[in-house]
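J.: One structure, as structure tokens, below. Some questions next.
The values are calculated or read from the model by the stated rules, or taken from the named source; none is laboratory data. Model, not experiment: these values are computed from the prediction. All Cβ positions, glycine included, derive from the backbone under ideal geometry; neighbour counts span all protein chains shown. In case anyone asks, the SASA skips ligands and DNA or RNA and just uses the protein heavy atoms, side chains included. Shrake-Rupley method; radii C 1.70, N 1.55, O 1.52, S 1.80 Å.
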Amino acid sequence: MDAIASNLEESRSSDFTEQRPSKRRKIESENQAAEICSARSTDLKRRWRTESEQQIYSSKLVEALHRVTRRTASPPAKSSINGRKVRETADTVLAVAAKGKTRWSRAILTNRLELKLKNHKKAKPAGNCFRPKKLKIRYETRKLPTVQRKVQTLGRLVPGCRKISFPNLLDEATDYIAALQMQVRAMTAVAELLAGTPADQQQSFRTNS
């Protein structure tokens, strides 16, 4: 009996020692995941809030608007472009400034590329074949709970984030809102700078930028 009891104790101790490394690895992996999440959250909080990022974006935006103005100008030359072109250019420059690290920036760049390709093709005739589908989607959306409906609305507002998990959606929305706030500050500064300078100095500013 003593031999049997000693064998049982040895087998239990060996099983315990075999399970300990797996538990340690699990704890280490969880700690690493938590560290990665915390580092990502701090990085998201710092992004788009520095003065250097705003200055870089402002210079790139002025260059892009100047190129668009030169392409769309017709004789006699005009220095103004419509608001849609300004918004599209500002969003494209913002997505380029994000360097493709976020889903919303990649979605904006992909959307711009698809629009350019569609412009070279013939437009399809408008029909009523999609209306029942849209009505069905709206009816199904109304049946959803309030929280889930708001999450879907947020996913539609952030580019490229309609079908992602809720934590990833919050990260993307946080980064996108911070980027838009920086965009507003930069465009306000550029508008004030151009409004306070004469026309000849504006032209020299655009050529030098």
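J.: Could you give every pair whose Cβ atoms fall below 6 Å, whose first residue belongs to the range 156-168 and is closer than 22 Å to THR92 by Cβ, and whose second residue is open to solvent by less than 40 Å² (accessible area, probe 1.4 Å) and of a type in the set (A, V, I, L, M, F, W, C), counting only separations of at least 6 or pairs across chains?
T.: Pairs that qualify, where the first residue is closer than 22 Å to THR92 by Cβ and the partner is open to solvent by less than 40 Å² (accessible area, probe 1.4 Å) and of a type in the set (A, V, I, L, M, F, W, C), are VAL158/TRP104; VAL158/ALA173; PRO159/TRP104; PRO159/ALA107; PRO159/ILE108; GLY160/TRP104; GLY160/ALA107; CYS161/LEU169.
J.: Against the definition (among the β-branched types (Val, Ile, Thr), open to solvent by less than 50 Å² (accessible area, probe 1.4 Å) and at pLDDT 70 or above), how does VAL147 come out, yes or no? Quick ask: steps written out before the conclusion?
T.: Numbers: among the β-branched types (Val, Ile, Thr): yes; open to solvent by less than 50 Å² (accessible area, probe 1.4 Å): no; at pLDDT 70 or above: yes.
Taking the combined requirement at face value, the residue does not satisfy it.
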